[in-house]
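Working notes, structure below.
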Amino acid sequence: MITALFSATDSTWDKFGAALQDAFKDAGLAVHLTRSAEPSSVEYIIYAPNSTLQDFTPFSNLKAVLSLWAGVETAVNNPTLTVPFSRMVSDGLSEGMVEWCVGHVLRHHLGMDRDIGRTDAVWDPVIPPLARDRPVTVLGLGALGQAVAQALVSLKFPVSGWSRSPKTIEDVRCFSGDAGLDDALRDAQIVVLLLPMTPQTEDVLNAERLELLSRGAFIINPGRGPLIDDTALLAALESGQLAHATLDVFRTEPLPGDHPFWAHPKVTVTPRIASDTRADTAAAVIAENIRRGEAGEPFLHLVDRTAGY
Ligand SMILES: NC(=O)c1ccc[n+]([C@@H]2O[C@H](COP(=O)([O-])OP(=O)(O)OC[C@H]3O[C@@H](n4cnc5c(N)ncnc54)[C@H](OP(=O)(O)O)[C@@H]3O)[C@@H](O)[C@H]2O)c1
């Protein structure tokens, strides 16, 4: 019997407990899934980085820590977490992110705000351009960025993307490394941020880079708050360099009530809902990683501690 400790909030347990048991059964694994155990008996920890568990030292027989979250910036530098550490990549998470990003891209692309809630009885037709004439840049071409880029390509947007290592993705103009960032951003009309939070990605969208975008561009950030220099963002909205920012993530969450983003007419705040880990598809990934651990096979989706994500 394998012992797996579930270390996350009560509400996460309510969502995941049964789905994990089902996934272990489907994978043919005999797992004792528990919320509390004698540390030396624990072989796997299924982990949400906001868990109260921060000291992994007592878990002397731990084989891996399996994150329920895609973003691992709050755990990646934990010096007591020395075993293999995987992040969450799953169909449900990717599908949710694609739907949220495509929805917000289309809102801005089609200028939907002009008509939604209109009560002034003004008949004022404005025909939007076709997607093929609206360049979009996706910063981050990982599990989520690639899925979003491909969905936008399928709608015929000209898509550019940026990642740390070079990539080849059909119909996406791929740029990489520090040298590729300016070219990825130049003349973009919509930018979607799907980078992880690392020391290298903080303030990646700063005042100079915002100036590279097409005038009146839209920013959509479901990545992490610190990817954008907030002061530069507000200045660019004020000057008209940016038309609108749709932000799902912030330096402080929940976003404080007196933060200027809340009342700003050119900012849409969404409360960190772009995509959530869905129990069924995520449980299957956790079960597969435990199966791999038991079979001596390499784990999926391992965090690169040097890169920080
Ligand atoms: N708002 C929400 O609800 C929500 C939900 C889930 C995730 N997220 C956020 O989305 C992020 C991305 O998730 P993911 O699963 O797609 O992550 P991922 O698979 O690790 O992909 C990260 C991408 O960012 C690129 N990157 C990292 N550092 C870079 C740098 N310094 N310069 C250029 N590119 C860099 C990586 O390049 P390489 O391809 O070369 O490695 C990769 O393409 C998460 O870290 C999290 O912050 C938000």
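The values are calculated or read from the model by the stated rules, or taken from the named source; none is laboratory data. Just so you know, these numbers come straight off a predicted model, no measurement behind them. Positions of Cβ are generated from backbone atoms using ideal geometry, with glycine treated the same way; all protein chains shown enter the neighbour counts. Each accessible area value is taken on the protein alone, full model and side chains, heavy atoms only, with ligands, DNA and RNA left out. Shrake-Rupley method; radii C 1.70, N 1.55, O 1.52, S 1.80 Å.
Which residue, of ALA151, ALA207, is more than 14 Å from the ligand (Cβ to nearest atom) and either open to solvent by 60 Å² or more (accessible area, probe 1.4 Å) or over 23 Å from VAL76 (Cβ atoms) (or both)?
The match here is ALA207.
With the condition being more than 16 Å from the ligand (Cβ to nearest atom) and surrounded by 14 or more Cβ atoms within 10 Å (Cβ to Cβ), I'd like the strands (runs of 3 or more DSSP E) fully within the stretch 215-309 carrying at least 3 qualifying residues.
242-247
Are there any pairs, at least 6 apart or on different chains, whose C-beta atoms fall under 9 Å, with the first in the stretch 81-103 and near the ligand (Cβ under 8 Å from one of its atoms) and the second open to solvent by less than 20 Å² (accessible area, probe 1.4 Å) and among the charged types (D, E, K, R), and if so, which?
That search, which allows pairs on different chains as well, returns TRP100/ASP248.
With the requirement that a residue be more than 17 Å from the chain's Cα centre (by Cα), hydroxyl-bearing (Ser, Thr, Tyr) and assigned to a loop (DSSP other than H, G, I, E, B), what does the stretch 147-198 give you?
SER165, THR168, listed by residue number.
Hey, among the residues in the stretch 258-284 that are of a type in the set (D, E, K, R) and free of Cβ contacts under 8 Å to residues at least 60 places away in the same chain, which one's nearest to GLY240 (Cα to Cα)?
LYS266
Considering THR34, THR80, THR3, which residue is among the β-branched types (Val, Ile, Thr), under 24 Å from THR306 (Cα atoms) and either surrounded by 12 or more Cβ atoms within 10 Å (Cβ to Cβ) or modelled with pLDDT of 95 or more (or both)? Break it down into steps so the answer makes sense when it comes.
Working: THR34 fails: under 24 Å from THR306 (Cα atoms); THR3 fails: under 24 Å from THR306 (Cα atoms).
Criteria check complete, one pass: THR80.
How many residues, within the stretch 215-244, are within 22 Å of THR201 (Cβ to Cβ) and over 17 Å from the mean Cα position of the chain (by Cα)?
Looking only at that region, the number is 13.
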